[in-house]
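Have a look at the structure below before the remarks.
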Amino acid sequence: MPPRRNFGTTWWGRAWVEALEQRAKLDPNRLPRGRTYARKGTVSELHFGAGEMTARVRGSRPTPYKVTITMRTFTDGEWDKLLGVVGTRLGHAAALLDGELPGALTEQAREAGVDLLPGPGDLRPRCSCPDSANPCKHVAAVYYLVADEVDRDPFTLFLLRGRPRADVLAELRARRSPARGEKPKLPKRADEGLTPHAAYARRPGAIPALPPPPRVPGPPAVLDLDPPPATGWTAAALSALAADAASLARDLLAVGPTAAELTFEEDLARRAAGRTSAEIPTLATAAGVSTRDLTHWAEAWREAGRGGLAALREAWQPGPGPLAEAQAVLADAGLPGKPKIWRNRVTQGELQLRYGRDARWYRFVREGTEWRLDGPPSASPLDLVY
């Protein structure tokens with residue numbers, strides 16, 4: 001069962017949900033139905049303006065219901081209080097000018113008598129459905145989806161109180177450096193051009209032709225800082241992964257896809273083949289295989305690629321013809337002992353020839369109790385006896 005959809009993943013998104021459920025004095029019996037509606041994806045065309053949000057919500061009728069919710073906007077005096085709170089706290093103005101909303105701002109503003117979050121009577125909804133409850137489930141669904149927008153852009157809280165981001169930031173800049181003897185003034189709002197709704201409704205033009213692939217992959221982007229420790233990633237590992245993906249993408253553009261996609265083991269061996277012996281244990285642990293196995297896989301991949309890895313890992317039963325040919329070659333090679341056949345492998349002394357599903361032979365030599373791939377393959381076993 002997929003995890004249940006939650007609303008509000010940032011502190012300001014969660015603060016919006018908390019205000020709805022605990023401080024806005026909304027009917028607690030109606031909100032759960034709104035959450036369910038929101039989780040079902042019934043809300044569309046959600047738009048925000050100064051002190052207002054609109055949406056369409058799919059209900060029991062064929063035509064979606066129209067929801068309009070207005071939120072009480074701040075007076076000039078309240079805006080003066082709010083921006084005064086920002087100006088008297090070190091770092092708040094700088095954070096807002098950088099496009100961020102400080103975590104402590106909403107509580108400090110509430111203490112000063114201006115609350116960015118909705119309180120009792122701040123939200124005034126209208127819905128075209130026949131339900132007379134306030135809020136109806138369609139309005140409640142929109143309430144919860146506002147948290148998603150606040151997650152994406154916390155300045156939505158300012159917009160719902162009456163001023164868009166540009167006006168708030170312009171006022172802050174003016175307060176930081178006002179002209180002598182002049183009261184800071186807000187600039188006239190510039191023409192915003194096409195709305196997002198109109199832009200998406202326009203018919204797109206023809207897609208331009210793709211540029212030719214580069215001759216060599218470019219360097220990956222530099223990651224200056226490691227991700228948080230809890231992720232299990234490092235900047236070096238992410239850089240290696242990005243470089244590997246770029247190299248594969250270039251190969252796909254230049255020569256096209258291979259006959260078959262790499263399996264998990266093949267791709268792991270390919271990646272390990274480009275690592276140092278000191279890096280392989282970390283990769284093996286992350287992939288859930290033993291360091292010993294991955295070391296052998298990497299060696300096989302370096303020597304003979306996909307076929308070499310298959311020869312190392314697979315034992316299968318080919319027809320008698322190729323095995324008889326290899327047995328005769330080994331018998332004439334003057335090696336100690338007699339050639340022995342097992343599945344796709346012909347062994348004599350310290351040498352073993354393995355027949356692959358690609359109709360090529362692979363030379364293995366004994367090292368202690370293990371066999372190691374020793375060089376590229378050949379269509380003839382005679383080429384591998386030396």
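Read-outs: derived from the displayed coordinates by stated rules, not from any lab. Keep in mind it's a predicted model, so treat the numbers as computed, not measured. When we count neighbours, we look across all protein chains shown, and the Cβ atoms used for this are built from the backbone with ideal geometry, even at glycine.
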For a quick check: sort Arg175, Arg163 by the number of other beta carbons within 10 angstrom, fewest at the front. Arg175, Arg163
Highest GNM mean-square fluctuation among Tyr355, Tyr144, Tyr200, for the chain with Cα springs under 10 Å, belongs to Tyr355
The Cα extents of segment 320-384 along the principal axes, largest first and rounded to whole Å, are 28, 22, 21
Taking the convex hull of the alpha-carbon atoms of segment 240-313 and averaging its shadow over every direction gives an area in square nanometres of 5.0 nm²
Of the labelled options [x] 20; [y] 24; [z] 56, which one gives percent of Cα pairs over 36 Å apart as computed for this structure? [z]
Nearest-ten-degree value, helix 165-176 long axis tilted from longest Cα axis of the chain: 70 degrees
Which aspartates and glutamates have a Cα less than 13 Å from the Cα of Lys25, not counting those fewer than 8 places away in the same chain? Asp122
Based on Cα coordinates alone, diagonalise the gyration tensor for segment 11-198, multiply each eigenvalue by 5, take square roots, and list the semi-axes in whole Å, largest first. 32, 18, 14
Neighbour-count order for Glu149, Glu100, fewest beta carbons within 10 angstrom listed first: Glu100, Glu149
Going by how many other Cβ atoms sit within 10 Å of their own, how do Ile69, Ile280 line up, fewest first? Ile280, Ile69
For helix 235-255, report the angle its Cα long axis makes with the longest principal axis of the Cα atoms of the chain; keep it between 0 and 90° and round to the nearest 10°. 70 degrees
Looking at His138, His197, Leu20, which one has the Cα that reaches farthest to the positive end of the dipole of segment 11-198 (charges on Cβ: Lys, Arg +1; Asp, Glu -1)? His138
Counting Lys and Arg as +1 and Asp and Glu as -1, each charge on the Cβ, what is the dipole of segment 11-198 about the Cα centre in debye, to the nearest 20? 420 debye
Magnitude of the Cβ-charge dipole of segment 320-384, K/R +1 and D/E -1, about the Cα centre, nearest 20 debye? 240 debye
Would you look at the GNM of the chain, springs on alpha carbons closer than 10 Å, and say which of Thr106, Thr68, Thr231 moves the most? Thr231
In order over segment 29-43: 3J(HN,Hα) from phi, Karplus 6.51/-1.76/1.60, θ = phi - 60°, whole Hz, x for each Gly or Pro, gives 7, 8, 5, x, 5, x, 4, 4, 4, 5, 5, 7, x, 7, 8
As a check on your grasp of the helix formula, calculate [θ] at 222 nm for the chain: sum -39500 (n - 2.57) over DSSP H runs of n ≥ 4, divide by the residue count, round to the nearest 500. -12500 deg cm²/dmol
Of Leu330, Leu83, Ile341, whose Cα points farthest to the positive end of the dipole of the chain (charges on the beta-carbon: +1 Lys, Arg; -1 Asp, Glu; origin at the Cα centre)? Leu83
If you put +1 on each Lys and Arg Cβ and -1 on each Asp and Glu Cβ, how big is the dipole of the chain around its Cα centre, in Debye rounded to 20? 1440 debye
Could you work out which residue, out of Gly356, Gly34, Gly49, moves most in a Gaussian network model of the chain, that is, has the largest mean-square fluctuation with Cα springs under 10 Å? Gly356
